[in-house]
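Visitor: Before I ask anything, here is the structure I am working with.
The values are calculated or read from the model by the stated rules, or taken from the named source; none is laboratory data. Computed from a predicted model, the values in this text were never measured in an experiment. As a convention, Cβ positions derive from the backbone with ideal geometry for all residues, glycine included, and neighbour counts pool all protein chains shown. Surface areas here come from the heavy atoms of the whole protein model, side chains and all, with no ligands, DNA or RNA. Shrake-Rupley method; radii C 1.70, N 1.55, O 1.52, S 1.80 Å.
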Amino acid sequence: LALYVAKGAGKNRWRRYQNHLHGAMVERLELRSALDHAVNEGHFLLQYQPIVDLNTDEAAGFEALVRWHHPARGVIAPDQFIEVAEESGLIIPMGRWVLDQALHTVAQWRRVLPRARQPYVSVNVSVRQFRQKGFVDQVRASLDYAGVPPQALMLEITETLLMRDDEDIWADLAVLQDLGVRIAIDDFGTGYSSLSYLRQRPIDVLKIDKTFIDDMVGSEQQLALVSGIVSLAQTLNLTVVAEGIEDATHRDILQRLGCPLGQGYYFSSPVGPTEALTWLTVNRAV
Ligand code: C2E
Ligand code: CA
Ligand code: CA
Ligand code: CA
């Protein structure tokens, strides 16, 4: 504070700064209370984006992505509210709804599809959710309630958040993996990490962050990096999903590198549950 004034910002500038801070705080509080209301009223919806087998163009699974359906402001993207949901703890009831809704939907898809083509659903879970007592039991209960096997579920945890080396979380992940739930590291490559954790920890899937795919075309180095991740995964017996595939070039390169799975606007943007089912039954190949 003293420094700011001393820098000769002047009274007016200081006041503007205060007003700005005040405004941002009020905005955040308003967002939080609106979000609280949305959780109570169930003003959310899920969209599903296919996770595509790059060799067959068929959907192996779908990632569930939450949207806030605001009665006045329309559909709001998660980037606008997940952070506040995490800070406020609202991510816990919201996340429970997301899990139940996603499992309910995958149960419906699985009922109408032959066994060999039954997809899984992949759900984003924040570390805050893992920290709550009884999270594993909650997942178990939700699977039972939806009537789907654990193999129908994948959980995505971001690499950055896992780097805190929280033994309790790893223990929970191990229990879930033993049940048959798939564990994916989201945004892989963006968190600083020593890679050695990949060998020791209960992980099934690496999701290569979109930024790597973006830069792959113009840069030999970036291409080598993606190629390296794919072979690393093969060595460790992990599977890989490349995120953010936006054109045929991306797809072709990844296929050549031996990347098994991919996701992105080239295949489909996130869609509603009915359209996703169409994806599974009709337009399987693009
Ligand atoms: P994410 O998990 O990395 O999800 C991928 C995001 O990239 C999604 O944005 C998706 O719509 C977008 N995307 C997919 N393909 C492409 C592509 O080809 N090009 C580009 N430019 N973008 C693509 P979305 O749905 O806005 O989600 C943003 C983030 O919000 C997610 O990033 C995830 O971290 C978070 N999120 C979404 N749903 C949930 C949830 O239910 N729980 C939690 N905790 N976080 C969620
Ligand atoms: Ca994700
Ligand atoms: Ca991601
Ligand atoms: Ca992301």
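Visitor: Being more than 14 Å from the chain's Cα centre (by Cα), small (Gly, Ala, Ser) and open to solvent by less than 50 Å² (accessible area, probe 1.4 Å) is the filter here, so list the residues in region 60-88 that pass it.
Guide: Of everything in region 60-88, those that are more than 14 Å from the chain's Cα centre (by Cα), small (Gly, Ala, Ser) and open to solvent by less than 50 Å² (accessible area, probe 1.4 Å) turn out to be Ala60, Gly74, Ala85, Ser88.
Visitor: Select from region 89-110 the residues that are β-branched (Val, Ile, Thr) and farther than 19 Å from Gly134 by Cα and write down the one among them that is surrounded by the most Cβ atoms within 10 Å (Cβ to Cβ). Outline the logic, then answer.
Guide: Here is the first cut: in region 89-110, the residues β-branched (Val, Ile, Thr) are 91-92, 98, 105-106.
Among the residues that remain, those that are also farther than 19 Å from Gly134 by Cα are: 105-106.
Details: Thr105: 21, Val106: 26.
Among residues in region 89-110 that are β-branched (Val, Ile, Thr) and farther than 19 Å from Gly134 by Cα, the one surrounded by the most Cβ atoms within 10 Å (Cβ to Cβ) is Val106.
Visitor: To continue, here is another question. Based on this model, can you work out whether Thr274 counts as out of contact with any Cys (no Cβ under 9 Å at 6 or more places or on another chain) and free of Cβ contacts under 8 Å to residues at least 40 places away in the same chain? Walk me through it before giving the result.
Guide: Numbers: out of contact with any Cys (no Cβ under 9 Å at 6 or more places or on another chain): yes; free of Cβ contacts under 8 Å to residues at least 40 places away in the same chain: yes.
So Thr274 passes the test.
Visitor: A further question on this structure: Looking only at region 248-261, how many residues end up being closer than 15 Å to Phe212 by Cβ and surrounded by fewer than 18 Cβ atoms within 10 Å (Cβ to Cβ)?
Guide: Residues in region 248-261 being closer than 15 Å to Phe212 by Cβ and surrounded by fewer than 18 Cβ atoms within 10 Å (Cβ to Cβ): 1 in total.
Visitor: Which of the residues belonging to region 20-59 are open to solvent by 100 Å² or more (accessible area, probe 1.4 Å), over 30 Å from Gln118 (Cβ atoms) and polar (S, T, N, Q)?
Guide: Answer for region 20-59, where residues must be open to solvent by 100 Å² or more (accessible area, probe 1.4 Å), over 30 Å from Gln118 (Cβ atoms) and polar (S, T, N, Q): just Asn40.
Visitor: List the number of the failed condition for Ala102; all other conditions in (1) within 24 Å of Arg182 (Cβ to Cβ); (2) within 16 Å of ligand 4 (Cβ to nearest atom); (3) touching a Leu at 6+ places or on another chain (Cβ under 8 Å) hold.
Guide: (2)
Visitor: Here's a follow-up. Given the conditions (1) within 18 Å of Ala60 (Cβ to Cβ); (2) among the polar types (S, T, N, Q); (3) exposed (fewer than 15 other Cβ atoms within 10 Å of the Cβ), and given that Ser268 satisfies all but one, which numbered condition is not satisfied?
Guide: The single condition Ser268 does not satisfy is (3).
Visitor: Having 1 or more residues that are within 16 Å of ligand 4 (Cβ to nearest atom) and either within 28 Å of Glu243 (Cα to Cα) or in contact with a strand residue (DSSP E or B) (Cβ under 7 Å, 6 or more places away or on another chain) (or both) is the bar; report the helices (runs of 4 or more DSSP H) wholly within region 1-99 that clear it.
Guide: Details: elements: 2-6, 10-41, 82-88.
Result: 82-88.
Visitor: Return the residue satisfying two criteria in turn: it lies in region 200-215 and is away from ligand 3 (no atom under 16 Å from the Cβ) and under 22 Å from the mean Cα position of the chain (by Cα), and of such residues it is farthest from Ala59 (Cα to Cα).
Guide: Residues of region 200-215 that are away from ligand 3 (no atom under 16 Å from the Cβ), as a first pass: 200-202.
So of that shortlist, the ones also under 22 Å from the mean Cα position of the chain (by Cα) come out as 201-202.
On the way: Arg201: 27, Pro202: 24 Å.
My answer is Arg201.
Visitor: Within region 136-169, work out how many residues are at pLDDT 90 or above, part of a helix (DSSP H, G or I) and surrounded by fewer than 21 Cβ atoms within 10 Å (Cβ to Cβ). So that I can check it myself, show each step before the final result.
Guide: First, pick out the residues of region 136-169 that are at pLDDT 90 or above: 136-157.
From what is left, the residues that are part of a helix (DSSP H, G or I) are 136-146, 150-152.
Now narrow it down to the ones that are surrounded by fewer than 21 Cβ atoms within 10 Å (Cβ to Cβ): 136-138, 140-142, 144-145, 150-151.
Selection size over region 136-169: 10.
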